[in-house]
1. Give me the compactness ratio for the chain, meaning the Cα radius of gyration over 2.2 N^0.38 Å.
2. Give the carbon-plus-sulfur fraction of the accessible surface of the chain in %, rounded to a whole number; probe 1.4 Å, heavy atoms of protein chains only.
3. In cubic angstrom, how much convex hull volume per residue do the alpha carbon atoms of the stretch 78-157 span?
4. Using r as the Cβ-Cβ distance of residue 120 and residue 58, and R0 as 45 Å, what FRET efficiency do you calculate, to the nearest 0.05?
5. How about the stretch 161-255: which GluC sites (Glu not before Pro) there lie in a loop by DSSP and see at most 16 other Cβ atoms within 10 Å?
6. Which whole-number value in Å² is the accessible area per residue of the stretch 166-277, probe 1.4 Å?
7. Per residue, how much accessible surface does the stretch 1-89 expose to a 1.4 Å probe? Answer in Å², no decimals.
8. Which of the listed residues, 106, 215, 178, is farthest toward the dipole's positive end in the chain, when Lys, Arg count +1 and Asp, Glu count -1 at the beta-carbon?
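The values are calculated or read from the model by the stated rules, or taken from the named source; none is laboratory data. Bear in mind that the values here come from a model prediction, so they are computed numbers and not experimental data. Don't worry about glycine lacking a Cβ; one is built from the backbone with ideal geometry, like all the others, and counts go over all protein chains shown. The area values use the complete protein model at the heavy-atom level, side chains included, leaving out ligands, DNA and RNA. Shrake-Rupley method; radii C 1.70, N 1.55, O 1.52, S 1.80 Å.
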Amino acid sequence: MVANANTPLLTLNNGTTIPQLGFGVFKVDPAETTRIVTDALEVGYRHIDTAAIYGNEEGVGRAIADAGIPREELFVTTKLWNDRQTDAEAAFEESLGKLGLDYVDLYLIHWPTPQKDTFVQAWKSLEKIYASGRAKAIGVSNFLVPHLEKLLANTDVVPAVNQIELHPAHQQPEVTAFSREHGIQIEAWGPLGQGKYPLFELPEVAGAAEAHGKTPAQVVIRWHLQTGNIVFPKSNRRERMAENFDVFDFELTADEVAAISSLEREGRVSAHPDEVN
């Protein structure tokens with residue numbers, strides 16, 4: 001894809017490029033989605049992450065259609081919901097229709113749902129979608145090491161990304177290391193901890209923010225970028241979108257990155273992947 005002037009591009013394991021900073025629409029009201037995504041595109045975001053279960057693919061599609069931005073300058077992700085793993089082809093076509101697109105840039109299995117034991121079947125459908133060109137890359141979300149091991153042992157295409165809950169208190173080092181060893185890029189959802197712990201008040205974050213004249217949120221986003229994560233914070237407010245995007249004019253020191261990385265405490269704030277079925 002064509003790079004936005006500000007946003008770094010990372011190369012996935014199939015040669016596709018992805019903007020490292022994007023915009024997520026989890027829990028964005030479907031009635032407000034078109035306005036919110038339009039704001040994000042006007043701010044400068046070119047990577048939009050949605051999912052079938054969010055119920056807002058149509059709004060994302062309308063914003064894209066109205067924006068008039070060349071399709072090759074956009075990176076659009078959507079996801080296969082849990083109850084459609086045995087019906088992935090039809091589910092994908094429904095998402096494509098709602099988005100109003102001929103292809104998506106990335107299609108993900110949203111959760112492994114291990115009790116159902118259908119993610120390998122789903123992945124084989126995604127491999128066919130990928131081979132058809134209707135998804136430029138395919139990947140997984142919320143997969144732990146055992147899920148990845150099973151997938152790699154039973155299928156042909158290595159996932160391009162693994163999208164996982166990742167923020168300073170919950171960095172999932174085992175999953176991250178395994179993924180990267182196998183050429184799977186890490187995407188961080190809930191990158192700011194979803195407001196469920198006082199991340200911005202911690203001295204490691206607040207101190208770096210003061211040192212650089214930035215907000216704590218900007219510091220945490222910068223930490224993600226410098227540690228190699230693909231990250232897509234969300235906001236309904238245009239001024240916050242712009243703030244989250246304004247992270248390319250400073251760099252954390254190695255000591256600041258290490259201090260924020262030291263905040264790891266296995267502090268998951270959302271569902272455990274083995275418990276979502």
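1. Details: Rg = 17.8 Å, N = 277, 2.2 N^0.38 = 18.6 Å.
Dividing the Cα radius of gyration by 2.2 N^0.38 Å gives 0.95.
2. Roughly 50 percent, rounded to a whole number.
3. Working: hull volume 6.0 nm³, N = 80.
Once divided by residue count, the hull of the stretch 78-157 is 75 Å³.
4. Details: r = 30 Å, r/R0 = 0.67.
Calculated value: 0.90.
5. Answer in residue order: 251.
6. Computed with neighbouring chains in place, this is 45 Å² per residue.
7. Heavy-atom accessible area per residue stands at 38 Å².
8. 106
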